[in-house]
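What follows is a short report on a single structure.
The values are calculated or read from the model by the stated rules, or taken from the named source; none is laboratory data. Model, not experiment: these values are computed from the prediction. Because the Cβ atoms are built from the backbone with ideal geometry, glycine has one as well, and the counts that use them run over all protein chains shown. Just so you know, the surface numbers come from the protein's heavy atoms only, side chains and all, with ligands and any DNA or RNA stripped out. Shrake-Rupley method; radii C 1.70, N 1.55, O 1.52, S 1.80 Å.
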Amino acid sequence: MNMLVLPLRQHLCILSLFSILITSGCQLVSLKKQTLHTTISNERNSILTQKKLSEASLNVLYMSGMDAKICMQTPEICIADLEKIPQIQGEQFLSTASELYLSKALALSESYNCQANNEDCLEQELQALDKSIRYSYAYLFKSSRQPQDRIFDNRQVQIRDFYNQALNQLVNTYSEKNASATIPSEIKIGKSTYKIDIDSYQKLQGKQLEKFTSSYNMNFSGLRSINRRDGFGSDFVAVLHANEETSEKENPYILDPLTYNYPNGINPNIHKAHYLASTLVAEPQNEVTSQSDILKSPDFKIKIYDPYNVEKINVAGKEYSLAANFSAPYGLWLAENNLGAAAYLTLIDRNQRLNMPHLYMLEPYNPNKKVIVLVHGLASSPEAWIAVTNEIMGDKTLREHYQVWQIFYSTNMPILESRFQIYALLKQAFGSLNPEDPAATNAVLIGHSMGGIISRLLVSNADISKEALPMMSQNAQARMRKHPVIGERLRMQAIQNFDRVIFLAAPHRGTSYADRWFTVTARKIIRLPSTFLKTLTDTLTSYDDDLKDFVRTINNQLQNGPSDLSNKSEFMDLTSSITPKEGLVFHSIMGNITKSDDPNTITDGIVPYKSAHLDGAISEKVIKGGHSIQLKPESVLELRRILSQHLIDHGLYNLKN
């Protein structure tokens with residue numbers, strides 16, 4: 001009997017203890033470790049990275065007894081209720097409201113009605129975005145703490161992203177709803193009015209646009225990285241409307257570009273930047289002193305900035321970094337113009353786009369930045385410089401001190417002709433600058449492969465007329481040398497605007513690769529431009545006897561660009577001994593696919609070291625790799641070193657900076 005009573009008493013004690021724990025409201029807590037990924041995701045995820053609200057907003061709604069899904073659908077009701085809870089005010093309230101309105105806008109943008117451009121749906125989306133911008137702005141600049149007081153808060157980074165994305169989507173959605181070729185003076189959304197202020201971006205004033213598109217989520221398959229500057233504002237690309245007359249009209253071949261009478265006196269093949277980086281900032285139009293003014297005043301403004309010229313902006317009396325995307329304009333230009341395909345088609349004379357060489361300025365001209373000119377190689381285009389250009393844009397020091405000009409030319413043209421035409425193009429481009437501008441002096445020229453040969457001849461002083469025209473009498477040669485069209489081609493003068501040149505894999509003495517059976521076969525397919533040949537033929541009917549004699553002479557000796565690269569070509573006989581002008585600083589970078597360090601063995605597979613080497617180079621670097629050495633990270637780093645050194649040598653940069 002006693003044995004039965006003991007277990008019974010134990011059970012009763014356990015039950016009593018259990019009931020006490022339940023009635024006392026005690027909670028049992030157990031430790032459960034989670035992955036680092038989960039921890040960071042919980043802290044940083046938001047409506048922008050997933051289909052649900054951030055943990056911070058969910059926690060506010062949970063404490064208020066509100067359903068998150070319902071609040072995402074009808075944020076105005078939930079926010080009105082939150083406003084009545086005194087314990088949830090200030091930063092918690094403003095940040096949650098910003099995310100709720102943004103979540104509604106994102107949901108609307110993906111709905112069938114908004115996708116179909118339904119007016120009512122788009123207007124609802126715009127109004128939600130307007131509210132998100134205002135609550136974000138109030139959180140950032142009109143809450144109890146200033147942005148600098150929350151510098152390490154994850155929540156502040158989230159709210160800045162809400163602001164940037166809401167502004168980005170507001171401008172995009174409004175543009176879709178109200179298509180225009182010009183920047184509107186204002187945007188009306190419900191009771192709100194956003195005045196558009198472009199006073200800080202002179203290059204956009206009065207311009208017609210092909211598009212004004214967000215670069216917030218742009219990505220490009222050929223770019224290894226997107227170079228941004230983190231900060232306040234939403235980044236865009238403004239694509240200026242191209243001049244239809246110059247873009248659609250056939251580009252004639254001009255034999256005398258230096259004296260040619262161009263329409264309006266401007267060479268149409270010098271292209272100012274048409275893809276412009278832009279950053280937008282929305283803020284109250286007038287000075288405000290309270291959160292209520294920001295949330296309820298109808299008057300806001302959107303300021304458009306040039307992020308190349310403006311690094312910091314004043315917002316609510318304090319300076320903050322301006323956001324920027326420096327890769328997007330360049331990437332969009334390459335993606336939309338398909339320059340690589342054009343380069344190949346010109347080789348077989350199937351594209352008349354490159355009858356004459358073109359110069360592209362990649363950003364609006366800045367008189368205070370030094371110029372870098374890039375000249376590509378055989379069957380190539382500005383796409384060959386994608387790694388170099390993107391790294392220049394990504395390096396703060398280089399970006400602030402350099403602007404890039406890219407040359408695009410037909411590589412089936414005889415190299416001497418390409419040199420002359422590019423020479424004329426660059427003389428005109430630099431001649432259009434104010435000679436007092438820092439940009440007009442101490443420029444850097446960079447050439448790859450065939451472009452390296454052309455670059456060397458652009459900075460050299462030489463007269464090859466005697467060697468080029470051996471069958472003519474001395475009197476005839478002297479007469480021809482005085483002819484402007486002939487003399488400029490055979491008598492080379494260095495472009496004085498350059499004081500540094502970088503050669504990459506340049507076959508200065510030619511290459512035997514050009515004479516292998518498969519390249520010889522390819523050379524037979526490659527044709528001289530028909531417009532170039534037609535221009536020469538037309539010259540024979542002119543009244544200029546000297547010019548006719550010159551054309552008859554060279555007609556029997558013309559070779560295309562690839563044939564000129566042969567180490568047995570007449571072009572190499574004429575030019576391989578020409579060196580850069582005295583005192584010019586130059587560098588060489590070449591590839592090596594062998595395991596040897598013997599100069600007689602080193603080659604990039606196409607150009608041997610002995611052809612790429614130039615005596616007198618300030619530096620010479622041999623990098624493991626093939627002929628497209630400009631794409632190698634080691635080459636890009638070497639170019640960055642040289643460009644930084646160029647700034648140091650001219651007192652524009654100090655390494656201690």
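Close Cβ contacts (under 7 Å, 6 or more residues apart or on different chains) running from residues in segment 278-303 that are in contact (Cβ under 8 Å) with a residue 60 or more places away in the chain and farther than 24 Å from Asp161 by Cβ to residues that are of a type in the set (Ser, Thr, Tyr) and outside any helix (DSSP H, G or I) comprise Pro298/Ser192; Pro298/Thr193; Asp299/Thr193.
Of the residues Ser455, Ser418, which single one is in a helix (DSSP H, G or I) and in contact with a Leu (Cβ under 8 Å, 6 or more places away or on another chain)? I'd like the intermediate steps shown before the answer.
On the way: Ser418 fails: in contact with a Leu (Cβ under 8 Å, 6 or more places away or on another chain).
Criteria check complete, one pass: Ser455.
Scanning segment 371-393 for residues that are part of a helix (DSSP H, G or I), in contact with a strand residue (DSSP E or B) (Cβ under 9 Å, 6 or more places away or on another chain), open to solvent by 10 Å² or more (accessible area, probe 1.4 Å) and more than 20 Å from Lys272 (Cβ to Cβ) turns up just one, Ala384.
Look through segment 76-130, keep the residues that are among the aliphatic types (A, V, I, L, M) and touching a Pro at 6+ places or on another chain (Cβ under 8 Å), and return whichever of them is surrounded by the most Cβ atoms within 10 Å (Cβ to Cβ). Let's see the steps before the verdict.
Initially, segment 76-130 is screened for residues among the aliphatic types (A, V, I, L, M), giving 77, 79-80, 82, 85, 88, 94, 97, 100, 102, 105-108, 116, 122, 126, 128-129.
Filter once more, so that each one left must be touching a Pro at 6+ places or on another chain (Cβ under 8 Å): 97, 100, 128.
On the way: Ala97: 27, Leu100: 29, Ala128: 26.
Per the criteria, the residue is Leu100.
In segment 143-160, the condition of being assigned to a helix (DSSP H, G or I), among the β-branched types (Val, Ile, Thr) and in contact with a strand residue (DSSP E or B) (Cβ under 8 Å, 6 or more places away or on another chain) is met by no residue.
Within segment 172-180, does at least one residue satisfy the condition of being charged (D, E, K, R) and touching a helix residue (DSSP H, G or I) at 6+ places or on another chain (Cβ under 6 Å)?
Filtering segment 172-180 for residues charged (D, E, K, R) gives 176-177.
Applying the additional criterion that residues be touching a helix residue (DSSP H, G or I) at 6+ places or on another chain (Cβ under 6 Å) yields 177.
Looking through segment 172-180, at least one residue is charged (D, E, K, R) and touching a helix residue (DSSP H, G or I) at 6+ places or on another chain (Cβ under 6 Å).
If you check Ser611, Ser635, Ser619, Ser628 for being under 17 Å from Gly447 (Cα atoms), in contact with a Pro (Cβ under 6 Å, 6 or more places away or on another chain) and polar (S, T, N, Q), only one passes: Ser611. Of the residues contained in segment 170-178, none is found to be open to solvent by 50 Å² or more (accessible area, probe 1.4 Å), charged (D, E, K, R) and without any contact (Cβ under 8 Å) to a residue 40 or more places away in the chain.
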